[in-house]
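A short write-up of the structure that comes next.
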Amino acid sequence: GSTIGILGGGQLGRMLSVAASRLGYKSHIFEPGANPPAGQVADQVTTAAYEDEAALKAFADAVDVITYEFENIPTSALDILEAHRPIRPGREALRVSQDRITEKDFLTGLGLKTAPYAQIDTAEDLAKAMTEIGTPSILKTRRFGYDGKGQVRLSEDSDPAVAMEEVAGAASVLEGFVNFSHEVSVIAARGTTGEVACYDPGENVHEGGILRTTTVPARLPGSMRMDAVLIASQILNALDYVGVMGVELFVTLEGLIVNEIAPRVHNSGHWTQNGCAVDQFEQHIRAVVGLPLGDGKRHNDVVMENLIGEDMDRVPHLLKEPHVAVHLYGKADVKAGRKMGHVNRVTPAG
Ligand code: ATP
Ligand code: MG
Ligand code: MG
């Protein structure tokens, strides 16, 4: 096929569109919100709600394959789209990752380690789980959370009723606090023929729940580097996955613990744009259209830094720095906590 449908018009959709274009494909964005960042670079944009059945059908008919930049697409919309065109990565990856409990059940079912967790629907559930799992712990809504939103950190004297109010009574999960030394992620890809390719793990630093920097290479002993890649491969194979996935891991003395997975290109993989011949966006496009996976070997050390909100004031200076690649998303209004762009600081090899 020659047109790729992308659900979601944020920066990830934008960078997927650019990669599609570079490989000679057209892209068509489906996005409910007005003026999406991806709309500036895509060949076509449909601005419609996920409840608009006619718009979904017309979108599907206009594309050859459908992918997405975020995992929270309503099931009803997916049903309509899937009746017309293949969705890659497939439905199972979405089903698993749309809900933190389903996701953790899936991961532990594979024999992988996660934080201890319990399902929370009421303040009574929470009170009980706080004694069983203990504190410190983190209450997270099961669905729709990102950038640390919908999360409450609990200490031993936290009031369960107040904590439940802070998540607006939403169906939630309590996670035991993992005493990690640092966080890493693996960006992994799987093609239509089942081949798997993993990028070098990156080390992630979060601030206020939002990714601040990713550094490659990550600090990891060789055995854990191997484990990280094996864990990611196991997850992709179990889902019969096609596309790129981000797997977030905690590094602990007891080994690697899976924090969460994202069935899409991932912010912690942006370093690949200036560290590899084939970056995560091109890799994802290759996978979903059935091309062979590309060369994702790292040729540079890279530090990726997100430009969040007022960080945009630093852009004039950053543009003059050597060995810095500036990537901006074309978002009109700067808001606190909003991801506006990122930079990749490259260390030339040798
Ligand atoms: P994302 O934008 O990555 O999707 P999110 O809102 O889904 O973020 P998480 O990845 O669950 O949030 O948590 C954000 C960060 O909070 C983690 O990267 C980690 O630094 C910290 N964190 C989350 N869960 C735990 C835990 N169980 N123990 C210790 N730290 C945690
Ligand atoms: Mg998340
Ligand atoms: Mg996360």
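The values are calculated or read from the model by the stated rules, or taken from the named source; none is laboratory data. Since we're looking at a predicted model, the values are computed, not measured. Ideal geometry is used to build each Cβ from the backbone, glycine not excepted, and the neighbour counts take in all protein chains shown.
If the requirement is being farther than 30 Å from residue 64 by Cα, at pLDDT 95 or above, in contact with a helix residue (DSSP H, G or I) (Cβ under 6 Å, 6 or more places away or on another chain) and within 16 Å of ligand 1 (Cβ to nearest atom), which of these qualifies: 326, 258, 302, 251?
Numbers: 326 fails: within 16 Å of ligand 1 (Cβ to nearest atom); 302 fails: within 16 Å of ligand 1 (Cβ to nearest atom); 251 fails: in contact with a helix residue (DSSP H, G or I) (Cβ under 6 Å, 6 or more places away or on another chain).
Step by step, each of 326, 258, 302, 251 is checked, and only 258 is farther than 30 Å from residue 64 by Cα, at pLDDT 95 or above, in contact with a helix residue (DSSP H, G or I) (Cβ under 6 Å, 6 or more places away or on another chain) and within 16 Å of ligand 1 (Cβ to nearest atom).
The numbered conditions (1) buried (at least 17 other Cβ atoms within 10 Å of the Cβ); (2) under 30 Å from residue 177 (Cα atoms) are all true for residue 110 except (1). For the range 45-61, a residue qualifies if it is buried (at least 16 other Cβ atoms within 10 Å of the Cβ) and either of a type in the set (A, V, I, L, M) or in contact (Cβ under 8 Å) with a residue 24 or more places away in the chain (or both), and the qualifying residues are 45, 48, 50, 55, 56, 59, 60.
In this structure, residue 85 qualifies as in a loop (DSSP other than H, G, I, E, B), charged (D, E, K, R) and touching a residue at least 40 places away in the same chain (Cβ under 8 Å).
Has the range 216-238 got at least one residue that is assigned to a strand (DSSP E or B) and within 16 Å of ligand 2 (Cβ to nearest atom)?
To start, the set of residues in the range 216-238 that are assigned to a strand (DSSP E or B) comprises 216.
Pick out the ones that are also within 16 Å of ligand 2 (Cβ to nearest atom) and you get none.
Scanning the range 216-238 turns up no residue that is assigned to a strand (DSSP E or B) and within 16 Å of ligand 2 (Cβ to nearest atom).
Table: residues versus (1) small (Gly, Ala, Ser); (2) in contact with a Phe, Trp or Tyr (Cβ under 7 Å, 6 or more places away or on another chain); (3) in the same structural domain as residue 332 (by TED's automatic domain parsing); (4) within 24 Å of residue 335 (Cβ to Cβ).
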{"residue": "213", "(1), (2), (3), (4)": "no, no, yes, yes"}
{"residue": "219", "(1), (2), (3), (4)": "no, no, yes, no"}
{"residue": "251", "(1), (2), (3), (4)": "no, yes, yes, no"}
{"residue": "278", "(1), (2), (3), (4)": "no, no, yes, no"}
{"residue": "309", "(1), (2), (3), (4)": "yes, no, yes, yes"}
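When you scan the range 261-280, do you find a residue that is touching a helix residue (DSSP H, G or I) at 6+ places or on another chain (Cβ under 7 Å), more than 30 Å from residue 115 (Cβ to Cβ) and at pLDDT 95 or above, even just one? Yes, the range 261-280 contains at least one residue that is touching a helix residue (DSSP H, G or I) at 6+ places or on another chain (Cβ under 7 Å), more than 30 Å from residue 115 (Cβ to Cβ) and at pLDDT 95 or above.
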